[in-house]
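Please treat every number below as a calculation from the coordinates, not as lab data. Note that the coordinates shown come from a computational prediction; the quantities given were computed from them, not determined experimentally. FYI the Cβ positions are ideal-geometry reconstructions off the backbone, even for glycines, and counts take in every protein chain you see.
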Amino acid sequence: MASVGVAQFHQVFFEESLEGLDAMESSLLALDEGGDSELVNTIFRAAHSIKGGSATFGFPEMAAFTHEAESLLDELRDGRRAIDGAIVELLLRTVDCLRGMFARAQSGQPLNNAEAESLREQMAAALGRQIEPKAPPSRRAGDHADAWRIDFRPHPGMLAGGNDPLRLFRELAALGELRVQPVLDRLPPLAALQPAECHLGWVLELRGQVPPDQISRDQIAAVFDWVEDECELTIAPLHVVADTPVPAVAAVPAGKPPAAAAVHSAESGSVRVSIDKIDGLIDLVGELVITQSMLDQFREEFDVAKLALLQQGLTQLARHTRELQESVMGVRMLPIGSVFNRFPRLVRDLTQKLGKQVKLELVGEQTELDKTVLEKIGDPLVHLVRNAIDHGLEMPDRRRAAGKSDTGALRLEAFHRGGNIVVEVSDDGAGLNREAIVAKALQRGLIASGDQLSDEQVAELIFQPGFSTAAVATDLSGRGVGMDVVRRNVSDLGGAVAIRSRPGHGTVFTITLPLTLAIIDGLTAAVGSEHYIVPLVSIIESVQARPEAVHRVTGGGELFRFRDEYLPVLRLHQLFGCAGAQAVIEEGLLIVVEGDGARAALLVDGLIGQQQAVVKSLEANYRRVGGISGATILADGSVALIVDVAGLIRLQSRSKAA
Amino acid sequence: MARILAVDDSVSMRGMVAFTLRGAGHEVTEAEDGQLALDAARGSTFDLVLADVNMPVMDGIAMVRELRAMAQYQGVPILMLTTESHTDKKMEGKAAGATGWLVKPFDPDQLLATVKRVLG
Amino acid sequence: MLQLAPTATAAEPAANGAVSARPQSVVVTLPADCRMAAQAHLLQELLAALDACAIDLDGRAVERVDTAALQLLTLFKREADARGAALNWMGASVALDEAADLLGLAKTLKLPAAVPA
């Protein structure tokens, strides 16, 4: 495999193979539900490409493994074997096993393991044979002679097929001394000639260069390998030499040299970007350059008469900068389909295990998300989907009793709303069991026995840390497995989770995510001489507090009455130690915020405006600060801190508890 | 050197083939399925076509059949890149008008040797 | 590429529609690329040239050639001989010469030794 150049295609091969495995998986699942034969072709193609690529790029174990799967698929493809659940299951496990092999290949570990061996044996058994130990290419050595006579009569169509006797004769001439005698007995009249048709024939004599130098029949036959069906060919020795056994041809190593080692073990953390996006960027930069050169003329000489032109230029500059920013962000955006794709399999496995019937619907797979968000949203979604199947959707008999169809509906949908991406997991199951949740919350001391809770508040309970563990969740017909973890994961991504449930009709989990982690939309608020940015996604409202709405409670806390709720007031100037800030609540402004399902009112001096902030990590540049998620640089060059609302509320409630 | 059309839906295989051939000084045009290859072939003439068998949209065998029906591709060498060591695919390709085949896996040296063999 | 040699101008021009007398001499220049795609056209030229008493073939420009081209020339040579037309090579390129040699057709075609371009 020598060449360093080829190693650069390993990563590409890994990526496309993993995509191929995804396609195999989803097609297998569709096949399981009675899909058409084109699905088999898709699956076959993917397996076939992986086999060819793995052999080419130096992963023979993977090639041998995929070969078995391909043989099975081949039988499915031409109908020699019926498609049934067992074979789909076997192939699905093959897909999983190959994913494992790719992971090991990427980190430079040995590809085969016990599981792979066992699967390979199962496939071989299904094919009705034992694994063939790779038979050495035992080519019949063939007889040898020091001279041969070759009668060669091409069929008329041979030339059009691209096989030119010139090439064949050149190859023969490389073996020894070649004499060529044309046979012109079948030539048509010139006027009747179809130039592409061959009417010539030849008698050739081939001799070893030096008398003891012998030529084997196979050497000659190999020259004609592509045309054996397109000609009449006889190869006969001119002077027969004894049929001597040929010294072991098998000594020629049949296999390839050991797989080229240097596979990059570290994941490259790269993004595949479509050419369209890159072209778009290049266009924008081009426009920017034009605008810049237009503005450049004002540097030389400025004339008030040109003011309009300058303004126009600046407007253009602003527009192009914004577009460029959006496009550059777009480079990090990938369709959520890659995350959704894992669910058909998950749902199938889970429903089979539980004996439920569920139809999964995926909507909005093309919706794009920031790569980082995409990588981290998978686990929370798996959690929600598992929960929906485990606890939300009922067994067929219970559904029937409730007047619903046997098959439950589970829907994963992604879409844009405002500046956010919304991902919803909805089911038409039993909905939250209010009594069970309230009972559990009482038992856990999360609520007091006299508390009157709205449906919304009951739903919120399941997100409380310690509300439930896997052990109690199975007793509950409600939900609850690690919902606090889901909420925390989502909130780490700058997003929020909400729940809506109707008893008997189902449950909807709504995850709201920012488009990107690199930029946030926020309100800039002044606190003393400092500026803070409050993410727009956390803001419910900002209000001027009237004196009667603020209540002081024992212990020094302050509560602000907002609609029917009492919210703790968080004085940013106190929390962050800002001098010269407005300390009188009624004189300042309260921003009502929500994070992790809890609400609070932030006291600031006033609002400066709304802006997009490019998030700079505080952790990377300084250290982690509680209640702050990052920093940004404002237009005037000063630094503003970005408020981590959920963190701030947590901080506050902890200090209160202490 | 020669103008070569490389057709394969696998980015890595196509990349490897194109990279190797360009390294040997050939001018390589890439296409990711048979249909796109035909589009490329109509607008240009190639000295050699290398094509995968299994491809979406239009597979290699249908592509060869179409190419051979075009006057300017009579006699132009077309090689199938095939993993099938069993003969049916090779023969199907041949029947459609392919010149010969190159069995995967092949390494860059084998590729260059075969290309040299056809181009002389 | 088919051009009448000066001696042919004595004959009646074909333009008046009458069947012209057999031209004295005609030159056929083989194109640089003589491979299959060019042969339908070349065949027509060669067929037209068969009417002349003497045919000069110019193979000096040939760079690429295939077996089909040499088959075509072999047939043309046989046909010209049968009609008693004198076939004369004005020269042959190395590529043409080598190909004819390899196919064993150099003698049949009476190709001259190549004149390196």
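Assorted remarks:
- Selection from A:Asn112, A:His67, A:Ala7, by position along the positive dipole direction of region A:4-126 (Cβ): A:Ala7
- The C-alpha atoms of chain A define a longest principal axis, and helix A:37-56 lies at about 70 degrees to it.
- Each residue of region B:56-64 was assigned a 3J(HN,Hα) from its phi angle through the Karplus curve 6.51 cos²θ - 1.76 cosθ + 1.60 (θ = phi - 60°); the sequence is x, 6, 9, 7, x, 6, 5, 5, 4 Hz, with glycine and proline shown as x.
- Cβ-based exposure ranking for B:Lys89, A:Lys353, B:Lys104, in which fewest neighbours within 10 Å come first: A:Lys353, B:Lys89, B:Lys104
- Placing R0 at 60 angstrom, the Cβ-Cβ distance between A:Ala436 and A:Glu228 gives a FRET efficiency of 0.20 after rounding to 0.05.
- Cα centroids of region C:47-109 and region A:153-181: 20 Å apart.
- Check: the protein assembly as shown dipole with +1 on Lys, Arg Cβ and -1 on Asp, Glu Cβ, in debye: 1200
- Per-residue shielding of A:54-60, expressed as the average number of other chain Cβ atoms within 10 Å of the residue Cβ, stands at 4.
- Partner chain coverage, peptide C:56-67 - average Cβ within 10 angstrom: 2
- Only helices enter the 222 nm calculation for chain A: every DSSP H run of n ≥ 4 contributes -39,500 (n - 2.57), and dividing by all residues gives -12500 deg cm²/dmol, rounded to 500.
- Two-decimal Rg/Rh across region A:600-656, once Rg and the Kirkwood Rh are taken from alpha-carbon atoms: 1.00
- For region B:3-119, a/c is less than 1.5, where a ≥ b ≥ c are the root eigenvalues of the C-alpha gyration tensor. That puts it in the rounded class.
- Whole-number percent relative contact order across region A:585-642, with pairs defined as alpha carbons under 8 Å at least 6 apart: 21
- Computed magnitude of the charge dipole of region A:277-331 (debye, nearest 20; Cβ of K, R +1, Cβ of D, E -1): 160
- When the Cα positions of A:Phe102, A:Thr524, A:Gly504 are compared along the charge dipole of chain A, A:Gly504 comes out farthest toward the positive end, with charges on each C-beta of Lys, Arg, Asp and Glu.
- Per residue, the average separation of C-alpha pairs within less than 8 Å and at least 6 apart gives region A:277-331 a relative contact order of 62 percent.
- Using alpha-carbon coordinates, inclination of helix A:85-106 to the longest axis of chain A, degrees: 80
- Fewest-first ordering of A:Arg272, A:Arg99 by other beta carbons within 10 Å of each residue's beta carbon gives A:Arg272, A:Arg99.
- Rounded to two decimals, the Cα-based Rg/Rh of chain A, with Kirkwood Rh, is 1.14.
- B:Ala95/A:Ala192 FRET efficiency (R0 25 Å; Cβ-Cβ; nearest 0.05): 0.45
- Each of B:Lys94, A:Lys359 was scored by other Cβ atoms within 10 Å of its Cβ. Arranged with the fewest first, they read A:Lys359, B:Lys94.
- Extended-chain gain in nm, criterion 0.36 nm per residue less alpha-carbon gap, A:Gln544 and A:Leu295: 85.3 nm
- Relative contact order of chain A: 8 percent, from C-alpha pairs under 8 Å at least 6 residues apart in sequence.
- Sparsely packed loop sites in region A:298-352 (the chymotrypsin sites (Phe, Trp or Tyr not before Pro) outside DSSP H, G, I, E and B with at most 13 other Cβ atoms within 10 Å) comprise A:Phe302.
- Shape of region A:335-514, Cα gyration tensor, a/c cut at 1.5: oblate
- In terms of its C-alpha gyration tensor, region A:144-240 has a prolate overall shape, because the principal axis ratio a/c (a ≥ b ≥ c, square roots of the eigenvalues) is not below 1.5 and a/b outweighs b/c.
- In the protein assembly as shown, taking the dipole from charged Cβ atoms about the Cα centre, the farthest positive-side position among A:Gly355, A:His551, A:Ala174 is held by A:His551.
- Simple Cβ-charge dipole of region A:4-126, Lys/Arg +1 and Asp/Glu -1, about Cα centre, in debye nearest 20: 380
- For chain A, the longest principal axis of the alpha carbon atoms and the long axis of helix A:114-126 meet at an angle near 60°.
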